[in-house]
Amino acid sequence: RLGSVEDDNTMVFRNVPPIYLELSTGNLRGEARAIYIAVPDKNEVFLASLYKQILANAFGIQLVDEKTIDYNSSAGEALLAKYSINALPTILLSGDLQAYTGFQEAWLQAGSIENDGNFIFRNLGLLQGLKYYDLNKGEVVEAVAPAQAQ
């Protein structure tokens, strides 16, 4: 439900999805930025840009800025080291993600929230059927469904 109809039949939007202007503060809410860390030399690995589609479909997140960095570039290696990333491709999100209802709670199953406020996708095993690059093993692996308890 987005809002209400008042006694004078005025329709008032109360639950406006991001990105929106918060009148009480004058701040634009819901702006999000992404850095994709890609694996261009592993053809069978899924494209990092798939994260954009997942975020839009699941939470309505609209990115205002996107950048793709190769994992083996100096910038990529610095991010891998800084955040101890061991599976690729991944995404680093920043911005006003608290504006998206349920995002932070759901994110804790998929990744981490770093001390600097960045959100990093870490649980590539959730992307069943897709192949990703495991840096610890040095090989491409396929995300499979967890075994069901009998």
Task: Filtered residue count, the stretch 33-80, keeping only those that are among the hydroxyl-bearing types (Ser, Thr, Tyr) and not in a loop (DSSP other than H, G, I, E, B) - done: 4
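Rundown of residues vs (1) modelled with pLDDT under 95; (2) assigned to a strand (DSSP E or B), yes/no style:
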position	(1), (2)
Gln109	yes, no
Ser112	no, yes
Asp116	no, no
Ile120	no, yes
Gly125	yes, no
Gln128	yes, no
Val141	yes, yes
Ala145	yes, no
Gln148	yes, no
- [ ] Count, please, the residues in the stretch 6-41 that happen to be more than 14 Å from Gly95 (Cα to Cα) and either touching a Pro at 6+ places or on another chain (Cβ under 9 Å) or free of Cβ contacts under 8 Å to residues at least 12 places away in the same chain (or both).
- [x] 18
Task: Set Asp96, Asp116, Asp70: member being under 30 Å from Thr25 (Cα atoms), more than 13 Å from the chain's Cα centre (by Cα) and not aromatic (Phe, Trp, Tyr) - done: Asp116
Open item on the list: Every residue in the stretch 52-98 that is under 18 Å from Ala32 (Cβ atoms) and of a type in the set (Phe, Trp, Tyr), please.
Closed with: Phe59, Tyr83
TODO: All but one of (1) closer than 17 Å to Ile35 by Cβ; (2) surrounded by fewer than 16 Cβ atoms within 10 Å (Cβ to Cβ); (3) of a type in the set (Ser, Thr, Tyr) hold for Thr101, so report the exception by its number.
DONE: (1)
- [ ] Could you grab me the full set of residues in the stretch 93-109 that are closer than 17 Å to Gly60 by Cα and hydrophobic (A, V, I, L, M, F, W, C)?
- [x] Leu93, Leu97, Ala99, Phe103, Ala106, Trp107
Task: Odd one out for Phe119 among (1) aromatic (Phe, Trp, Tyr); (2) in contact with a helix residue (DSSP H, G or I) (Cβ under 8 Å, 6 or more places away or on another chain); (3) under 20 Å from Val141 (Cα atoms) - done: (3)
- [ ] Look at the stretch 99-113 and say how many of its residues are farther than 25 Å from Val144 by Cβ, under 13 Å from the mean Cα position of the chain (by Cα) and polar (S, T, N, Q).
- [x] 1
- [ ] Select from the stretch 1-28 the residues that are assigned to a loop (DSSP other than H, G, I, E, B) and within 23 Å of the chain's Cα centre (by Cα) and write down the one among them that is surrounded by the fewest Cβ atoms within 10 Å (Cβ to Cβ).
- [x] Asn15
TODO: Please list, ordered by first then second residue, the pairs with beta carbon atoms under 6 Å, 6 or more apart or interchain, first in the stretch 104-122 and free of Cβ contacts under 8 Å to residues at least 40 places away in the same chain, second in a helix (DSSP H, G or I) and not polar (S, T, N, Q).
DONE: Ala110/Leu126; Phe119/Trp107; Ile120/Tyr83
Open item on the list: So for the stretch 128-148 (the condition being touching a Phe, Trp or Tyr at 6+ places or on another chain (Cβ under 7 Å) and within 24 Å of Ile19 (Cα to Cα)), does at least one residue qualify?
Closed with: no
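The values are calculated or read from the model by the stated rules, or taken from the named source; none is laboratory data. Values in this document were obtained by computation on a predicted structure and should not be read as measured data. With ideal geometry, Cβ positions are generated from the backbone for all residues, glycine too; neighbour counts draw on all protein chains shown.
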